[in-house]
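Peer 1: Here it is, the structure in full.
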Amino acid sequence: MLGIDLSGKRALVAGVSDDGGFGFAIAKALAEAGATVSVGSWPPALGIFLKLIERGKMEESLRLSDGRKLEFERIYPLDAGFDTLADAPADIRENKRYKDQGDFSVAGMTERIRQDFGERGLDIVVHSLANGPEVKNPLLDTSRAGYLAAVSVSAYSNISLVRHLAPLMRPGGAFLSLTYMAGERVIPGYGGGMSSAKAALESDMRTLAFEAGRRWGVRVNAISAGPLASRAASAIGFIDTMIGYTSANSPLPGPITADDVGHTAAFLLSPLAAGITGSVVYVDRGYHAMGMAVAPPAPTP
Ligand SMILES: NC(=O)c1ccc[n+]([C@@H]2O[C@H](COP(=O)([O-])OP(=O)(O)OC[C@H]3O[C@@H](n4cnc5c(N)ncnc54)[C@H](O)[C@@H]3O)[C@@H](O)[C@H]2O)c1
């Protein structure tokens with residue numbers, strides 16, 4: 001039988017700090033397929049995440065289908081907005097949520113991974129993080145600082161992850177990031193430069209597939225996911241309307257699940273997808289193919 005077998009593979013999923021988003025579902029799917037999984041977690045959310053795990057509040061969601069429990073091999077503090085610790089301003093470094101975390105930059109996490117697993121200890125890296133401080137502002141009313149922050153954390157961070165971590169990848173290594181259709185089409189309300197960040201993320205993914213493919217032999221892909229009420233998406237303010245609208249107007253009516261994305265990710269990151277790189281794969285029940293609405297939007301709750 002043709003199955004997804006990731007046994008013996010080690011994965012890092014950057015952007016997990018609860019069990020409600022795509023990163024968690026991807027981590028779980030990779031573990032279901034046999035991979036060992038570490039996560040990178042944003043310092044402001046890390047404390048709560050660790051408490052949820054320690055206090056057993058995530059027992060149910062950590063349960064794998066064969067009864068095993070998903071155990072993260074490592075949980076690294078990561079602020080993907082900084083390539084080195086020196087890039088982080090003093091007020092961040094001295095902030096109570098950051099100051100005891102050691103080097104939380106991309107370079108710092110890379111060094112810890114190197115110390116923990118050696119020069120060639122990684123097979124899979126997932127970028128599942130985004131932040132736009134002005135996401136509720138229309139693009140037209142977004143400040144330069146807000147726009148640059150969105151693109152820095154949500155798009156440049158993927159370049160940084162590939163540059164730092166590709167040298168640690170074993171042959172057959174694969175990267176994946178999460179994008180959203182707002183990078184290609186207008187999604188009113190997805191503001192603050194987040195649409196620009198997703199456009200950059202997708203374009204960079206193709207260029208990185210070429211450059212990192214030639215330099216290190218790794219694959220680089222993206223999943224364009226339909227809307228999900230994760231913590232990050234709920235911050236946009238109208239996620240239920242987005243879910244209702246796409247559910248009603250997709251070729252396959254109904255919402256996507258985080259597991260739909262997790263399973264596609266496991267495939268794309270597995271040797272079964274050895275010939276796929278530089279691709280955006282849509283996990284949106286076909287919504288991207290539509291050119292006209294078939295139903296009025298669901299009322300905003
Ligand atoms: N939820 C959706 O509707 C949707 C749709 C398409 C794509 N996506 C993308 O999926 C990815 C995961 O988001 P999600 O919706 O699953 O939400 P999520 O809340 O599970 O994940 C976002 C993560 O980003 C982390 N983060 C924020 N700033 C960071 C920083 N500076 N450094 C490191 N980590 C940081 C947060 O702590 C959080 O863990 C994002 O790229 C998002 O844009 C989401």
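The values are calculated or read from the model by the stated rules, or taken from the named source; none is laboratory data. All figures in this text were calculated on a predicted structure; none of them were measured in a lab. Using ideal geometry, Cβ is built from the backbone for each residue, glycine included, and neighbour counts are taken over all protein chains shown. These area figures cover heavy atoms from the full protein model, side chains too; ligands, DNA and RNA do not enter into them. Shrake-Rupley method; radii C 1.70, N 1.55, O 1.52, S 1.80 Å.
Peer 1: Have a look at Ala233, Ala298, Ala273, Ala258 and point out the one that is in contact with a Phe, Trp or Tyr (Cβ under 7 Å, 6 or more places away or on another chain) and at pLDDT below 95.
Peer 2: On inspection, the qualifying residue turns out to be Ala298.
Peer 1: So, of the residues in the stretch 234-254 that are open to solvent by 50 Å² or more (accessible area, probe 1.4 Å) and of a type in the set (Ser, Thr, Tyr), which turns out to be nearest to the ligand (Cβ to nearest atom)?
Peer 2: Ser234
Peer 1: Oh, and also: Just need a number here: residues in the stretch 190-233 that are near the ligand (Cβ under 8 Å from one of its atoms) and either of a type in the set (Ser, Thr, Tyr) or open to solvent by 20 Å² or more (accessible area, probe 1.4 Å) (or both).
Peer 2: Selection size over the stretch 190-233: 6.
Peer 1: Give all pairs with beta carbons closer than 9 Å in which a residue from the stretch 97-111 that is over 14 Å from Ala14 (Cβ atoms) meets a residue that is in a loop (DSSP other than H, G, I, E, B) and open to solvent by less than 30 Å² (accessible area, probe 1.4 Å); count only pairs at least 6 apart in sequence or on separate chains.
Peer 2: From residues that are over 14 Å from Ala14 (Cβ atoms), the pairs are Tyr98/Asp79; Tyr98/Ala88; Tyr98/Phe104; Gln101/Asp79.
Peer 1: Yes or no: the stretch 154-169 includes at least one residue that is more than 13 Å from the ligand (Cβ to nearest atom), in a strand (DSSP E or B) and farther than 30 Å from Ser250 by Cα.
Peer 2: Yes, there is a match, as at least one residue in the stretch 154-169 is more than 13 Å from the ligand (Cβ to nearest atom), in a strand (DSSP E or B) and farther than 30 Å from Ser250 by Cα.
Peer 1: Which ones in the stretch 85-140 are assigned to a loop (DSSP other than H, G, I, E, B) and within 20 Å of the chain's Cα centre (by Cα)?
Peer 2: Across the stretch 85-140, the qualifying residues are Phe104, Ser105, Ser128, Leu129, Ala130, Asn131, Gly132, Pro133, Glu134, Val135.
Peer 1: Could you list, in sequence order, the residues of the stretch 108-117 that are open to solvent by 30 Å² or more (accessible area, probe 1.4 Å) and either under 14 Å from Ser196 (Cα atoms) or of a type outside the set (D, E, K, R) (or both)?
Peer 2: Gln115, Phe117 - these are the residues of the stretch 108-117 that are open to solvent by 30 Å² or more (accessible area, probe 1.4 Å) and either under 14 Å from Ser196 (Cα atoms) or of a type outside the set (D, E, K, R) (or both).
Peer 1: Could I ask something else about it? Pull up the stretch 173-189, narrow it to residues that are among the small types (Gly, Ala, Ser) and over 19 Å from Pro133 (Cβ atoms), then point me to the one that is nearest to the ligand (Cβ to nearest atom).
Peer 2: For the stretch 173-189, the residue satisfying everything is Ser177.
Peer 1: Further, regarding this structure: Based on what the data block shows, is Phe24 more than 15 Å from the ligand (Cβ to nearest atom), among the aromatic types (Phe, Trp, Tyr) and touching a residue at least 40 places away in the same chain (Cβ under 8 Å)?
Peer 2: Judged against the criteria, Phe24 is not a match.
Peer 1: I would also like to ask the following. If I ask for residues that are open to solvent by 50 Å² or more (accessible area, probe 1.4 Å) and touching a Lys or Arg at 6+ places or on another chain (Cβ under 8 Å), which ones from the stretch 5-50 would you list?
Peer 2: Selection gives Thr36 alone.
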